[in-house]
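Read the structure below first, then the notes.
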Amino acid sequence: MRNPKSESDRAGAPLKVEIKEPKTWQRVFEIEVPGERVREAIEELFREYSRKASIPGFRPGKVPRSILESRYGQGIEAEAVERLVPESYERALAEHQLMPVNRAVISNLDLTPAKDLKFTATFEVLPKVALARYKGIKAVKRVAAVTDADVDR
(Lines give C-alpha, C1' and ligand atoms only; values in the text may rest on other atoms or scores of the structure.)
Protein backbone atom coordinates (compact mmCIF):
# COMPACT_ATOMS: atom_id res chain seq x y z
CA MET A 1 0.00 0.00 0.00
CA ARG A 2 1.26 3.44 -0.90
CA ASN A 3 1.96 5.94 1.86
CA PRO A 4 0.17 9.27 1.39
CA LYS A 5 2.50 12.21 1.13
CA SER A 6 3.01 14.22 4.25
CA GLU A 7 2.18 17.92 4.41
CA SER A 8 5.87 18.81 4.19
CA ASP A 9 6.34 16.67 1.04
CA ARG A 10 3.44 18.40 -0.67
CA ALA A 11 4.71 21.80 0.38
CA GLY A 12 7.97 20.97 -1.38
CA ALA A 13 6.36 21.22 -4.84
CA PRO A 14 7.80 24.28 -6.57
CA LEU A 15 5.45 27.23 -6.44
CA LYS A 16 5.86 30.04 -8.96
CA VAL A 17 5.18 33.42 -7.40
CA GLU A 18 5.52 36.76 -9.14
CA ILE A 19 5.26 39.81 -6.87
CA LYS A 20 4.10 43.21 -8.02
CA GLU A 21 4.12 46.36 -5.90
CA PRO A 22 1.58 48.80 -7.38
CA LYS A 23 1.69 50.98 -4.24
CA THR A 24 4.08 51.07 -1.30
CA TRP A 25 1.44 49.45 0.90
CA GLN A 26 -0.01 47.00 -1.62
CA ARG A 27 1.29 43.71 -3.01
CA VAL A 28 -0.03 41.50 -5.79
CA PHE A 29 0.98 37.86 -5.93
CA GLU A 30 0.55 36.03 -9.21
CA ILE A 31 0.73 32.43 -8.04
CA GLU A 32 1.03 29.31 -10.17
CA VAL A 33 0.53 25.92 -8.51
CA PRO A 34 2.08 23.09 -10.56
CA GLY A 35 -0.34 20.70 -12.27
CA GLU A 36 1.28 17.81 -10.41
CA ARG A 37 0.23 19.30 -7.06
CA VAL A 38 -3.30 19.97 -8.39
CA ARG A 39 -3.62 16.34 -9.52
CA GLU A 40 -2.36 15.15 -6.11
CA ALA A 41 -5.00 17.24 -4.34
CA ILE A 42 -7.74 15.92 -6.63
CA GLU A 43 -6.57 12.29 -6.14
CA GLU A 44 -6.53 12.83 -2.38
CA LEU A 45 -10.11 14.08 -2.49
CA PHE A 46 -11.24 11.16 -4.68
CA ARG A 47 -9.79 8.76 -2.09
CA GLU A 48 -11.60 10.68 0.67
CA TYR A 49 -14.89 10.64 -1.23
CA SER A 50 -14.43 6.95 -2.07
CA ARG A 51 -14.13 6.08 1.62
CA LYS A 52 -17.12 8.22 2.63
CA ALA A 53 -19.48 7.87 -0.36
CA SER A 54 -22.63 5.89 0.26
CA ILE A 55 -23.92 4.83 -3.14
CA PRO A 56 -26.55 2.10 -3.45
CA GLY A 57 -25.09 -1.11 -4.89
CA PHE A 58 -21.55 -0.48 -3.64
CA ARG A 59 -19.83 -1.13 -0.35
CA PRO A 60 -18.20 1.89 1.30
CA GLY A 61 -14.73 2.39 -0.16
CA LYS A 62 -15.50 0.21 -3.21
CA VAL A 63 -17.20 2.76 -5.46
CA PRO A 64 -15.58 2.82 -8.94
CA ARG A 65 -13.72 5.98 -9.86
CA SER A 66 -15.91 6.57 -12.94
CA ILE A 67 -19.05 6.73 -10.80
CA LEU A 68 -17.38 9.09 -8.34
CA GLU A 69 -16.29 11.29 -11.25
CA SER A 70 -19.78 11.44 -12.73
CA ARG A 71 -21.41 12.24 -9.38
CA TYR A 72 -18.83 14.37 -7.63
CA GLY A 73 -16.20 15.32 -10.24
CA GLN A 74 -16.91 19.05 -10.46
CA GLY A 75 -17.39 19.32 -6.71
CA ILE A 76 -14.09 17.58 -6.08
CA GLU A 77 -12.24 19.93 -8.44
CA ALA A 78 -13.86 22.93 -6.73
CA GLU A 79 -12.93 21.60 -3.30
CA ALA A 80 -9.35 20.99 -4.45
CA VAL A 81 -9.13 24.63 -5.55
CA GLU A 82 -10.63 25.74 -2.22
CA ARG A 83 -7.86 23.86 -0.42
CA LEU A 84 -4.98 24.78 -2.73
CA VAL A 85 -5.58 28.55 -2.95
CA PRO A 86 -5.19 29.34 0.78
CA GLU A 87 -2.40 26.75 1.16
CA SER A 88 -0.43 28.28 -1.73
CA TYR A 89 -1.11 31.86 -0.62
CA GLU A 90 0.10 31.14 2.93
CA ARG A 91 3.20 29.43 1.57
CA ALA A 92 4.00 32.39 -0.70
CA LEU A 93 3.61 34.79 2.24
CA ALA A 94 6.00 32.70 4.33
CA GLU A 95 8.56 32.39 1.51
CA HIS A 96 8.60 36.15 0.95
CA GLN A 97 8.31 37.03 4.65
CA LEU A 98 5.30 39.30 4.27
CA MET A 99 2.61 40.03 6.86
CA PRO A 100 -0.67 41.17 5.31
CA VAL A 101 -2.86 43.62 7.21
CA ASN A 102 -6.06 42.59 5.45
CA ARG A 103 -7.62 39.55 3.84
CA ALA A 104 -6.37 38.96 0.30
CA VAL A 105 -8.70 39.43 -2.65
CA ILE A 106 -8.38 36.38 -4.90
CA SER A 107 -9.02 36.96 -8.59
CA ASN A 108 -8.18 35.60 -12.05
CA LEU A 109 -8.66 32.03 -10.85
CA ASP A 110 -7.73 29.74 -13.73
CA LEU A 111 -7.81 25.95 -13.50
CA THR A 112 -7.63 24.20 -16.81
CA PRO A 113 -7.91 20.40 -16.46
CA ALA A 114 -4.48 18.69 -16.39
CA LYS A 115 -2.70 22.04 -16.13
CA ASP A 116 -1.46 24.44 -13.48
CA LEU A 117 -3.70 26.39 -11.14
CA LYS A 118 -3.13 30.12 -11.53
CA PHE A 119 -4.58 32.95 -9.47
CA THR A 120 -3.89 36.47 -8.30
CA ALA A 121 -3.94 37.54 -4.64
CA THR A 122 -4.04 41.27 -3.86
CA PHE A 123 -3.41 42.38 -0.29
CA GLU A 124 -2.02 45.23 1.77
CA VAL A 125 1.04 45.35 4.00
CA LEU A 126 2.23 47.95 6.46
CA PRO A 127 3.75 50.80 4.48
CA LYS A 128 7.44 51.53 4.72
CA VAL A 129 7.77 54.67 6.81
CA ALA A 130 11.08 56.44 7.20
CA LEU A 131 11.35 58.37 10.43
CA ALA A 132 12.50 61.92 9.99
CA ARG A 133 14.72 63.60 12.53
CA TYR A 134 12.52 63.99 15.54
CA LYS A 135 15.10 64.61 18.26
CA GLY A 136 15.56 68.25 19.06
CA ILE A 137 12.07 69.31 17.96
CA LYS A 138 10.82 72.07 20.22
CA ALA A 139 7.34 71.76 21.69
CA VAL A 140 5.38 74.06 23.95
CA LYS A 141 3.79 72.51 27.01
CA ARG A 142 0.61 74.31 27.94
CA VAL A 143 -0.63 74.23 31.50
CA ALA A 144 -4.32 74.78 32.13
CA ALA A 145 -5.10 76.92 35.16
CA VAL A 146 -7.98 75.48 37.19
CA THR A 147 -9.40 77.52 40.05
CA ASP A 148 -11.55 76.39 42.99
CA ALA A 149 -14.52 78.10 41.36
CA ASP A 150 -14.08 75.96 38.24
CA VAL A 151 -14.04 72.79 40.36
CA ASP A 152 -17.18 73.80 42.32
CA ARG A 153 -19.22 74.24 39.14
Is there a residue in the stretch 82-104 that is at pLDDT 90 or above and part of a strand (DSSP E or B)?
yes
Within the stretch 100-150, which residues are at negative phi, of a type in the set (A, V, I, L, M, F, W, C) and under 23 Å from the mean Cα position of the chain (by Cα)?
Val101, Ala104, Val105, Ile106, Leu109, Leu111, Leu117, Phe119, Ala121, Phe123, Val125, Leu126
Quick check on the stretch 76-99. Is at least one of its residues more than 22 Å from Ala13 (Cα to Cα), loosely packed, with under 13 Cβ neighbours inside 10 Å and of a type in the set (Gly, Ala, Ser)?
no
Apart from one, (1) over 14 Å from Ile31 (Cα atoms); (2) without any contact (Cβ under 8 Å) to a residue 12 or more places away in the chain; (3) charged (D, E, K, R); (4) touching a strand residue (DSSP E or B) at 6+ places or on another chain (Cβ under 8 Å) all hold for Glu124; the odd one out is (2)
Filtering the stretch 18-67 down to residues that are of a type in the set (Val, Ile, Thr) and under 18 Å from Glu87 (Cα atoms), which residue is farthest from the chain's Cα centre (by Cα)?
Ile42
For the stretch 130-153, how many residues are assigned to a helix (DSSP H, G or I) and either modelled with pLDDT of 90 or more or not small (Gly, Ala, Ser) (or both)?
4
In the list Phe46, Phe119, which residue meets the criterion of being farther than 30 Å from Pro22 by Cβ, buried (at least 17 other Cβ atoms within 10 Å of the Cβ), touching a residue at least 12 places away in the same chain (Cβ under 8 Å) and in contact with a Leu (Cβ under 8 Å, 6 or more places away or on another chain)?
Phe46
Regarding Thr112, is this residue surrounded by 14 or more Cβ atoms within 10 Å (Cβ to Cβ) and of a type in the set (Val, Ile, Thr)?
no
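The values are calculated or read from the model by the stated rules, or taken from the named source; none is laboratory data. Keep in mind that what you see is a predicted model, and the values were worked out from it rather than measured. Cβ atoms come from the backbone with ideal geometry, glycine included; neighbour counts cover every protein chain shown.
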